[in-house]
Amino acid sequence: ASTAQVSPRPPLFDFQGVSMIHHFTDNWENVQNFQARPDDILIATYPKAGTTWVSYILELLYFGQTDPERQTSLSIYQRVPFLESDFKILPFGTELADKLTTSPRLIKTHLPVQLVPKSFWEQNCRVVYVARNAKDNVVSYFHFDRMNLGEPEPGDWNHFLRRFMDGKMGFGPWYDHVTNWWEKKQTNSKIHYMFYEDMIEDLGREMDTLCSFLGLSPSSEEKAKVMEETQFDKMKNNKTTNYSGIPVMDFKISPFMRKGKVGDWKNHFTVAQSEQFDQDYQAKMKSKTLKFRTLV
Ligand code: A3P
């Protein structure tokens, strides 16, 4: 009954060569003209690559000590505005970001690199990019689209997987997203490129390289605290990080904090699907240096 109040699932359409839904393009004028500040940190990811995880890590590194009140009073999507979002239930991402008085501002985006507002490059902002292997990424996206009525209709798994391979997903093809950001990083030292699988393998090590990129030197107690607070189970039970209370998300279908594992694709792909996927993957992924792990 409650779904009757929710607007229908939005269709995908071509937007400047990328598949998008209107929630991320309706406010395009403001997105395009967004004024970045030199100390802004842009958290960029393909959807479901670990955005929330790295957002919370950054949030705690910067404000965990100085502003603990923030951690209990504001949800992660209020603390780290989603730049291009235009869900009628929240202010525009650009507005939330404009209103942030913290320094630095942490700003989330899923935009492919060519669509990032130019001000971020002009201001020479730092960017933390997180990438996740394609197979786990598509599985996570599938469950997300099943539970999130603000996303396009997912259809069944086989259909969804086909669409993913065809790049007909919100924010376009995973293949282009991870590759183009990787290419950009080769000539821009302000981009830090991380992998979800590395974070699962050794979060302490990944936090150390992240902190040295950011010029932060947390004490070992601080670091331990951040690692503790950002564990999957902790975040799953934390109302400010688990996305509970978002009306379009149906946690009975699948929770936002779903599994948090590397290799869950094995529970979804048939052998035939996996073989087809791998073959197609080889043809699409031309970079010699960008390598993903599907297991750790
Ligand atoms: P699964 O669906 O595979 O569980 P995003 O934040 O980009 O939407 O990504 C969501 C994915 O990251 C989900 O993956 C979610 O469970 C996982 N995730 C979020 N926080 C995590 C954490 N602290 N540790 C491991 N995985 C996490």
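Figures for the structure shown
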{"quantity": "Residue pairs meeting the criteria (Cβ under 8 Å; at least 6 apart or on separate chains; first assigned to a helix (DSSP H, G or I), in the stretch 206-229; second open to solvent by 50 Å² or more (accessible area, probe 1.4 Å) and charged (D, E, K, R))", "calculated": "213/126; 214/126; 228/234"}
{"quantity": "Filter result (of a type outside the set (Gly, Ala, Ser), more than 13 Å from residue 44 (Cα to Cα) and outside any helix (DSSP H, G or I)) within the stretch 176-196", "calculated": "187, 188"}
{"quantity": "Any hit, the stretch 105-116, residues being touching a residue at least 60 places away in the same chain (Cβ under 8 Å), more than 17 Å from the chain's Cα centre (by Cα) and more than 16 Å from the ligand (Cβ to nearest atom)", "calculated": "no"}
{"quantity": "Meets criteria (assigned to a helix (DSSP H, G or I) and within 16 Å of the ligand (Cβ to nearest atom)) for residue 266", "calculated": "yes"}
{"quantity": "Boolean, residue 155 is at positive phi, in contact (Cβ under 8 Å) with a residue 12 or more places away in the chain and not in a strand (DSSP E or B)", "calculated": "no"}
{"quantity": "Residue match in the stretch 235-242 (condition: loosely packed, with under 14 Cβ neighbours inside 10 Å, closer than 22 Å to residue 192 by Cβ and more than 12 Å from the ligand (Cβ to nearest atom))", "calculated": "no"}
{"quantity": "Matching residues, the stretch 203-226, being open to solvent by less than 60 Å² (accessible area, probe 1.4 Å) and under 27 Å from residue 291 (Cβ atoms)", "calculated": "203, 204, 206, 207, 210, 211, 213, 214"}
{"quantity": "Sole exception among (1) under 17 Å from the mean Cα position of the chain (by Cα); (2) buried (at least 16 other Cβ atoms within 10 Å of the Cβ) for residue 232, by number", "calculated": "(2)"}
{"quantity": "Selected residue (criterion: surrounded by the most Cβ atoms within 10 Å (Cβ to Cβ)) from residues of the stretch 277-294 that are over 19 Å from the mean Cα position of the chain (by Cα) and in contact (Cβ under 8 Å) with a residue 40 or more places away in the chain", "calculated": "277"}
{"quantity": "Residue that is nearest to the chain's Cα centre (by Cα) [pool: residues in the stretch 48-64 that are under 23 Å from residue 143 (Cα atoms) and open to solvent by 20 Å² or more (accessible area, probe 1.4 Å)]", "calculated": "48"}
{"quantity": "Test: residue in the stretch 73-91 that is open to solvent by 10 Å² or more (accessible area, probe 1.4 Å), in contact with an Asp or Glu (Cβ under 9 Å, 6 or more places away or on another chain), among the hydrophobic types (A, V, I, L, M, F, W, C) and in a helix (DSSP H, G or I)", "calculated": "no"}
{"quantity": "The stretch 24-37, subset open to solvent by less than 20 Å² (accessible area, probe 1.4 Å) and in a helix (DSSP H, G or I), residue nearest to the ligand (Cβ to nearest atom)", "calculated": "24"}
{"quantity": "From the options 141, 175, residue that is open to solvent by less than 20 Å² (accessible area, probe 1.4 Å) and within 11 Å of the ligand (Cβ to nearest atom)", "calculated": "141"}
{"quantity": "Among (1) more than 19 Å from residue 140 (Cβ to Cβ); (2) surrounded by 15 or more Cβ atoms within 10 Å (Cβ to Cβ) - the single one residue 14 does not satisfy", "calculated": "(2)"}
{"quantity": "Set 67, 40: member being under 19 Å from residue 102 (Cα atoms) and open to solvent by 20 Å² or more (accessible area, probe 1.4 Å)", "calculated": "67"}
{"quantity": "So residue 44, is it part of a loop (DSSP other than H, G, I, E, B), of a type in the set (A, V, I, L, M), in contact with a helix residue (DSSP H, G or I) (Cβ under 7 Å, 6 or more places away or on another chain) and modelled with pLDDT of 95 or more", "calculated": "no"}
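The values are calculated or read from the model by the stated rules, or taken from the named source; none is laboratory data. In this text the structure is predicted, and so the values were computed from the model without any measurement. Quick reminder, even Gly has a Cβ in these numbers, built from the backbone with ideal geometry, and neighbours come from all protein chains shown. These accessible areas exclude ligands, DNA and RNA; they are computed on the full protein's heavy atoms, side chains included. Shrake-Rupley method; radii C 1.70, N 1.55, O 1.52, S 1.80 Å.
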